[in-house]
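Read through the structure below, which is laid out as structure tokens, and then see the notes.
Read the figures in this text as sums done on the coordinates, not as results from a lab. Computed from a prediction, not measured in an experiment: that's the story for all the values here. As a convention, Cβ positions derive from the backbone with ideal geometry for all residues, glycine included, and neighbour counts pool all protein chains shown.
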Amino acid sequence: MDFSLFRLSLKARDNVDLFEPRAEDGSLLTREGWIRRFFSEERVFQHYSNEFRFEPIDGIAPPDFPHLLFGWLARQVNHTGRTAPEDGLEPTSTSTWQVAFIAIDPTDHSNGQLVAVENNPDIGGPKALMRALVRTMNDVGLSPYHTQVFPLVSSGSFWQFASEHRGEIVSLTFDVAAPNMFNDANDFQDELRALRDKVNVSEVSTTLVSDTALKYESDQIRSIVDYVERGAGDLAAVSADGSRYSSTQHERTETVDIESHNRNPKKFLRDIMYSLARFFE
């Protein structure tokens, strides 16, 4: 089974409402608290006019990773066919639910707010489904945070592109979320945090262009590439010969060697929590 990996980025809403969801003690919900609150309930969301559901699964977190959340992304699928010959081979239709497994780490640390989604073509692409689900997360009444989701990117894919084109990168475009989980001390993230906190910015889109070639090995560009690879944005580049790089073509997937939940659901739920735990370390 293949899983796609994503990162959630949450920015606090600018105006605090007295009636917005709060923790049990009455305090404002933390990012972790809001993620837990949202993924603890059934959620209905739309994607291309089709109705999907998120269904939480309780009680399967492994002892070593009790903080993880699990659930299903589900879609009803209609099937057409014919009745049995003895019933006249009449047209008929039935409906079933197709599902994709999802695991969420809601905690706020350097590898936190990570999501793993099963790739199941019968339900839809993981990235499209996650973005539709996050739109619903943002539309929840009085949501205390604005949430974005980006895929993790295969480490080194940009540097391989730069090497293949002799470092002659003439433009670099990035679309990134304002940080909330990476605590690295670098100028790029400090500037993004300043924009988030002082200007109320949630996302930054910029294109860097050179009349000859960008100094792609500079600390600034290394910081941008590292930030995107960790699941906080998208990156595109153009070389002097016109070749193009896009991080969307290098989104990270991981393969888990376990039986499908369609064949042995109980064994799947018993095994999956340990198989996925390595992604969340």
Debye calc, one equal point scatterer per Cα of the range 207-281, no solvent, log10 I(q)/I(0) at q = 0.22 1/Å comes to -1.04
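Quick one: His79, His47, fewest Cβ neighbours within 10 Å first, how do they rank?
Values: His79 9, His47 19.
By the 10 Å Cβ count, ascending: His79, His47.
Sort Trp34, Trp97, Trp159 by Cβ crowding within 10 Å, fewest neighbours at the top. Before the final figure, lay out the partial values.
Values: Trp34 24, Trp97 12, Trp159 15.
The order, fewest Cβ neighbours first, is Trp97, Trp159, Trp34.
What list do you get for Glu164, Glu32, Glu86, Glu251 if you sort them by fewest beta carbons within 10 Å? Before the final figure, lay out the partial values.
On the way: Glu164 11, Glu32 17, Glu86 6, Glu251 20.
With the fewest neighbours first, Glu164, Glu32, Glu86, Glu251 line up as Glu86, Glu164, Glu32, Glu251.
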As an exercise, identify the trypsin sites (Lys or Arg not before Pro) in the range 73-180 lying in DSSP coil whose Cβ has no more than 12 other Cβ atoms within 10 Å.
Arg166
